[in-house]
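Asks: Input: one structure, supplied below.
The values are calculated or read from the model by the stated rules, or taken from the named source; none is laboratory data. Nothing here was measured: the structure is a model prediction, and the numbers come from that model. FYI the Cβ positions are ideal-geometry reconstructions off the backbone, even for glycines, and counts take in every protein chain you see.
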């Protein structure tokens, strides 16, 4: 048993860190934040060339066939630099397709980066529970005709392939819709976290052919749920990377900033905030990598492990971000300081795939309601 | 990153499971942990410790020559997990096993290792730790108890306080000032003291929880042989830091078992106790509170496993142990409060579950003070882990 990254995993971490230090400086992140898509072709290509868009997927699906731990390593490094653009949406879409049908025709384009992806799940009045999906899919030839609205769709603006969760007469279904489909209207909305864009999607009788129906009924539910676990893991790992950045920036600031003739890091009130930030960050690390390991190696426990990580990290990340601003004082509250990028990204990840309360509710079911699942 | 077990680790786990099947004391034979049953509970833990020792499970990662198993911290981590899964009793003698033993292994002489380690592991000898004094609490290095050398003995005079287990202890790991002229960290010596010696008197201090786990100790011309110096004369601060680092790292590892069983007992009650016309477990707010407790607890388990895995690489605990101490002490306070919210008025009655819930709530108050206050732990984390400047 070894509860830390292996040598190859540490090498992966280092190469991701080096790549992003070179290619993803905050000056570039800020430029991309000001665009509609936050998409940068060369940055995208650099990540695609590494194979990271399918890092955890089987080779048969165009992936590197590494594991969820490696995916978490990359996502953590992305969080550390506020990596802009449609990585999460694309990996989520590819994972949903791979889970439902490893032979899905769009998989290759998604894992090579030739196409960007998104998953349309939320609607104006629904939450993260797939059973709440209502967007109507009427049988139409061998396929469906979609009518309704999807909301808060991450990365949809730039996506070439949108995996949509829809309601058919036979239950939930996953279907793919091209980004430029007839009858589909995409409207970019102003997100709190401008490094990852979101859109509203209006479907007016959008036609889906038979071979764009990925899965229907229980199979669709299973594939979507499993892909959401990977998405949840990415969101948690992203927060972890952000927490690490905020912690380091705050400690560094506390070591240099002078007041009352002393560095403020001499004061215990400041020291104690930094100590708490470390405790939250390291505890988050334990839970994120446990979840990543369970997703690959212990499927029966994976739902619990993933919800445990998201429940803990969502709260811890917010606390760390709050303390980070407080340690920095006035400068930490400015637009000019990069802390605000991390602060907003943390908040966006906190609610992505359900916040701490949502996941605690799931844990309560798993731990309190079933006789077999205990600690 | 692999939380799966190797063949050797699986073998260890399966043997342990088989051993537990025949040796685990049934719940009906276990006394409740309350103020009134303090002595009965300690006797029970002592017998359980002896069983573990005879079974070869007392000192998993301690050297074989001294009664240990000679295995790694990984086996230690597996042991903790299995104890939790099996609902095993907690282990006795947190001072001896968690603090004194590892320090003797680290800085003791061969004679000291041979003499003391087996007794610590078997539970035959109970230890206490004479560090704090009335004027030396968090600032323990300012201690004043005097040790004056006379031939091959030290003559000790002074007072200690907050000494856990002193009233039942056979031995004490005692810090005394042997050079009053040196800077405060440089004139301290650590002595291993037989509690049956002449010149020691112990007075129990009653805590707010009603029991007397703490004591005052008074020394009047206590004589301790020089052979019982642990570490070097006047380098007792180094010995103390070794001990305290081990205390922080070890104290937490066995606690998951205790905390897990406590939460499960609350959840069991919550299935029966009614709130607003339905079981408390279905009350959305209480359910959310219990889920918070569950998350806190399970992340503690992961932190523990991870820190043992890291210890396996580094060998000796460092200042990071303060993160664990900080985490479990505050976790236990939060969860003790949540238990009271779920149980309502019955938790405050000495008759319900033999009063364990109120006891647990009150006793947990001490967790953020004993073994270094939360403030001291945060100072250590800030200054020795994060590298911020010293504040005192």
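Asks: Within the stretch A:83-118, can you find the residues that are at positive phi and surrounded by fewer than 24 Cβ atoms within 10 Å (Cβ to Cβ)?
Replies: A:113
Asks: Answer yes or no as to whether residue B:382 is surrounded by 20 or more Cβ atoms within 10 Å (Cβ to Cβ) and either within 14 Å of chain A (Cβ to nearest Cβ) or in contact with a strand residue (DSSP E or B) (Cβ under 8 Å, 6 or more places away or on another chain) (or both).
Replies: In short, yes.
Asks: Turning to a different aspect of this structure: At least 3 residues that are under 23 Å from residue A:292 (Cα atoms), over 19 Å from the mean Cα position of the chain (by Cα) and within 14 Å of another protein chain (Cβ to nearest Cβ) in each: list the helices (runs of 4 or more DSSP H) lying fully within the stretch A:1-97 that qualify.
Replies: A:7-23
Asks: Related question: If you check B:391, B:322, which single one turns out to be buried (at least 21 other Cβ atoms within 10 Å of the Cβ), modelled with pLDDT under 95 and facing another protein chain (nearest Cβ under 10 Å)?
Replies: After applying the criteria, what remains is B:322.
Asks: Just to be sure, is residue A:339 within 12 Å of chain B (Cβ to nearest Cβ), buried (at least 18 other Cβ atoms within 10 Å of the Cβ) and either touching a helix residue (DSSP H, G or I) at 6+ places or on another chain (Cβ under 9 Å) or over 23 Å from residue B:1 (Cα atoms) (or both)?
Replies: no
Asks: For the stretch B:51-83, how many residues meet the condition of being within 21 Å of residue B:317 (Cβ to Cβ), within 14 Å of another protein chain (Cβ to nearest Cβ) and outside any loop (DSSP other than H, G, I, E, B)?
Replies: 10
Asks: Restricting to the stretch A:304-326, name every residue that is buried (at least 19 other Cβ atoms within 10 Å of the Cβ) and more than 11 Å from chain B (Cβ to nearest Cβ).
Replies: Listed by number, the residues that qualify are A:306, A:317, A:318, A:320, A:321, A:323, A:324, A:325.
Asks: Quick check, is residue A:238 at pLDDT 95 or above, buried (at least 23 other Cβ atoms within 10 Å of the Cβ) and on the phi < 0 side of the Ramachandran plot?
Replies: yes
Asks: Collect the residues in the stretch B:154-168 that are outside any strand (DSSP E or B) and either touching a helix residue (DSSP H, G or I) at 6+ places or on another chain (Cβ under 8 Å) or in contact (Cβ under 8 Å) with a residue 60 or more places away in the chain (or both), keeping them in residue-number order.
Replies: Hits for the stretch B:154-168 are B:162, B:164, B:165, B:168.
Asks: Kindly indicate whether any position in the stretch A:277-295 is closer than 20 Å to residue B:288 by Cβ, within 13 Å of chain B (Cβ to nearest Cβ), in contact (Cβ under 8 Å) with a residue 24 or more places away in the chain and under 19 Å from the mean Cα position of the chain (by Cα).
Replies: yes
Asks: Of A:240, A:201, A:247, which residue is in contact (Cβ under 8 Å) with a residue 24 or more places away in the chain, closer than 28 Å to residue A:87 by Cβ and within 15 Å of the chain's Cα centre (by Cα)?
Replies: A:240
Asks: Condition first: in a strand (DSSP E or B) and touching a helix residue (DSSP H, G or I) at 6+ places or on another chain (Cβ under 7 Å). Now tell me which residues in the stretch A:139-170 satisfy that.
Replies: Once the filter is applied, which keeps residues that are in a strand (DSSP E or B) and touching a helix residue (DSSP H, G or I) at 6+ places or on another chain (Cβ under 7 Å), the stretch A:139-170 yields A:143, A:154, A:161, A:162, A:163, A:165.
Asks: How many residues, within the stretch A:237-252, are in contact with a helix residue (DSSP H, G or I) (Cβ under 7 Å, 6 or more places away or on another chain) and within 12 Å of another protein chain (Cβ to nearest Cβ)?
Replies: 3
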